[in-house]
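Here, each number is a calculation from the coordinates, and none is a lab measurement. The structure displayed is predicted, hence computed values, not measured ones. Note that each Cβ is placed from the backbone with ideal geometry, even for glycine, and that neighbours are counted across all protein chains shown.
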């Protein structure tokens, strides 16, 4: 009997470790359906705000870096096809520059002629709530504050999926 209990405990531990490894194999620290982490941020173009300030809003968070080629391919499309398309319909978008200072991002925003809210995260303080590695990374948080989507990387199909989810949630 003791050996069966021990075996069950060992197997349970192995499953738990395996599940944690699977979640973190892509550097992810959040799961679909959980409440969004609480944090504060200061977009370049506005005052500081917190996730609590955004309660009831549909939110897209994009993590990027200016040296990341897929991020730079994605950014103009986020600006045009998501931010400009949905900002007046109630979507909040925050492009968070992982390991970038406000000064770096001000220059970047001006060079790229961006209007989407950009947030510096020089010490990965915000990023660390969501992940430990890999960008670009997109997360959608619904009006109830739950994570409903997350994806790593960029391609046409992934962007189309983001647009579809946003359109559906704004039209609920």
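Applying the criterion of being in contact (Cβ under 8 Å) with a residue 40 or more places away in the chain and at negative phi to the residues of region 86-101, the residue that is surrounded by the fewest Cβ atoms within 10 Å (Cβ to Cβ) is 89.
May I ask you to list the residues in region 149-172 that are within 11 Å of the chain's Cα centre (by Cα) and either touching a residue at least 40 places away in the same chain (Cβ under 8 Å) or part of a helix (DSSP H, G or I) (or both)? Steps first, answer last, please.
So in region 149-172, the residues within 11 Å of the chain's Cα centre (by Cα) come out as 149-152.
149, 150, 152 - these are the residues of region 149-172 that are within 11 Å of the chain's Cα centre (by Cα) and either touching a residue at least 40 places away in the same chain (Cβ under 8 Å) or part of a helix (DSSP H, G or I) (or both).
Quick check: anything in region 102-112 closer than 22 Å to residue 36 by Cβ, in contact with a strand residue (DSSP E or B) (Cβ under 6 Å, 6 or more places away or on another chain) and in contact (Cβ under 8 Å) with a residue 12 or more places away in the chain? Within region 102-112, not a single residue is closer than 22 Å to residue 36 by Cβ, in contact with a strand residue (DSSP E or B) (Cβ under 6 Å, 6 or more places away or on another chain) and in contact (Cβ under 8 Å) with a residue 12 or more places away in the chain.
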